[in-house]
1. Which count do you get for residues in the stretch 146-165 that are over 19 Å from residue 28 (Cβ atoms), in a helix (DSSP H, G or I) and in contact (Cβ under 8 Å) with a residue 60 or more places away in the chain?
2. For the stretch 335-361, what are the residues that are among the hydrophobic types (A, V, I, L, M, F, W, C) and surrounded by fewer than 24 Cβ atoms within 10 Å (Cβ to Cβ)?
3. Working only within the stretch 54-71, note down all residues that are among the polar types (S, T, N, Q) and under 36 Å from the mean Cα position of the chain (by Cα).
4. Out of all the residues in the stretch 200-243, which are surrounded by fewer than 24 Cβ atoms within 10 Å (Cβ to Cβ) and of a type in the set (Val, Ile, Thr)?
5. Exactly one of (1) assigned to a loop (DSSP other than H, G, I, E, B); (2) surrounded by fewer than 11 Cβ atoms within 10 Å (Cβ to Cβ) is unmet by residue 583. Its number?
6. Only residues that are closer than 17 Å to residue 538 by Cβ and free of Cβ contacts under 8 Å to residues at least 24 places away in the same chain: list them for the stretch 570-589, please.
7. Taking helices (runs of 4 or more DSSP H) that do not extend beyond the stretch 260-328, which have at least 3 residues that are in the same structural domain as residue 27 (by TED's automatic domain parsing) and under 30 Å from residue 556 (Cβ atoms)?
8. Please give the helices (runs of 4 or more DSSP H) falling wholly within the stretch 56-143 in which 2 or more residues are surrounded by fewer than 19 Cβ atoms within 10 Å (Cβ to Cβ) and among the aliphatic types (A, V, I, L, M).
Amino acid sequence: MIHKIVAQVTRNIELRSEDTRKQYLDLMAQMAQEKPTRGQLGCTNLAHVMASQDDVGKLILKDTTSGLNVGILTAYNDMLSAHQPYYRYPEMIKQQLYKYGISAQVAGGVPAMCDGVTQGYAGMELSLFSRDAIALSTAVGLSHQSFDAMVLLGICDKIVPGLLMGALRFGHLPAIFLPAGPMATGISNSEKAQVRQAYVEGKVGDAELLESEVSAYHSPGTCTFYGTANSNQMLLEAMGLMLPGSAFEQPDSNVREKFNEEGCEQIAHNAQLSMHKQNSAIQLGHLVNAKSIVNAIVALLATGGSSNLTIHWIAIAKAAGIQLTWQDMHDLSQVVPLICKVYPNGSADINAFHKLGGTAYVFNELLHAGLMHGDVLTTTQKTLAQDVIHSTRHWQNYYAKKVKSAQQKQVLATVKMPFDEKGGLTLLSGNIGQAIIKVSAVKPEHRIIRAQAKVFLDQLDVIKAFQNNELNHDVVVILKGQGPKANGMPELHKLMPVLGSLQDHGFKVALLTDGRLSGASGKVLSAIHCVPEAAAGGFIDLIHDGDTVVINAETGEMNVLNVDWHERTPQYKNIKQKGVGRELFSVFRKHVTPADKGAISIDWDE
């Protein structure tokens, strides 16, 4: 039986979304065709679709009454480790689908930038907006109206949300994500963090830091910590948009190859079923519904996943006509316990998590506790509950080696005996506004602070203040002007070694910002995504040096004490963002919604 709070939150979302969801589904029904989509094209148009294909592909494409064509949207590039494995996927997909009399074409490529490369530099200010650019690129690729199903190739931070947002506007088609998996384990994430902290303290130099970093990030595949990229994969699997158990298999494994073959077979069956039997239930726009969105958020909370997804999944839901809120997430967090510890929440990496039971274990625990909707249909044409049974058997088949229970207990807990009674994310509210805290990696003794504010406008100024010993006291660092409207809401990870060092030296430390930290948010109490942001007239802009700030992740309090906002004047000044292409995104900054509304610069309803 489903937990009453999970059921209530789901019902609240459904009621709130009744009109917008109906409008979305009506639009998808209008877009659906009774025969292959390209059958609506004129002969000249169709000739352009066929021109580049081999003889087998041309023969299938010429059959506009029953021949099906799958569009591939790929985020391949060979600069970024997570997407480099996608190099040969399109040809593999094409050859696999030929077995079923179905053709496939790369409908389009989408940009895939890496926050790990741009951290602390101007390019990071394009990062969040790249999500909407990816959604637009996905729509451009699919706008040729030549496809009957979709295969989506993307993994990392903004890529998965962007692909899904764009694909949902073609939600009358079936779709599947094919992941590529994490790189092999390098040096431990805790070792890497220690070297970073030693670097900011001046104890090691560039050579030692670089050697550490390349020992951590060393081969194709996603980063092995549980950041936004791997959180994306967790949530996609929880929603049933990829094969069960496929999220975290490494790129070069035989199991990954088998998953890819099975994924192609699945999308072939779904395309045939959707077209010839008109089974709309397995079309993307129906698979993504209030229940599957709730399942995704529950999985995020239970595993202590990325805070970025509190923004992205609101945007994804909106693309499907579903109105999700931070309050929904907060309400779920009160009853969904933390049952997973993967770095930065623990010492294990994602490979260890996978080998110890992975998604099959987590979803099985949550389903048995009534915390996930087991009846939602997935891309396998089965229910999530049925998928988990299959995935559990798969895990047992491929990982027959016994693991010590002590090792497993360091990574995975039960719902009845969790690592924390509440989920890994908390909503803060108070006279400053609202913010999100990722508490899963923050020790209980660091979750409450009352200290004086120190206000900054640039993260580099925070680092300079640290280097000048100006932060050697209990402090709440206020970093404002970092929201989506101001400068695209960059991630602020260069601050983590600095603040972590202060905390390790015995000071009480917290960060309050309208910017982001994402899945790598660590041991320092960090109130992020603050709304309203400074650029939108938020009260964060009125905080002064020396103000007493209280942040309490246990009670959800976020306040400045003894302040009258009416006596203060705004300090924020708009700075034109130019260089590294930032000026091209000025329209995004002008039209973007607040973080709690998904930071969306696309108007679905125009």
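The values are calculated or read from the model by the stated rules, or taken from the named source; none is laboratory data. Predicted model, so just to flag it, every value in this text is computed and none were measured. Backbone-built Cβ (ideal geometry, glycine too); neighbour counts: all protein chains shown.
1. Final tally of qualifying residues: 3.
2. Scanning the stretch 335-361 gives 335, 338, 352, 356, 360.
3. Of everything in the stretch 54-71, just one residue is among the polar types (S, T, N, Q) and under 36 Å from the mean Cα position of the chain (by Cα), namely 69.
4. Scanning the stretch 200-243 gives 200, 204, 214.
5. (1)
6. The answer is 573, and nothing else.
7. Filter on the stretch 260-328 gives 290-303, 309-319.
8. 127-142
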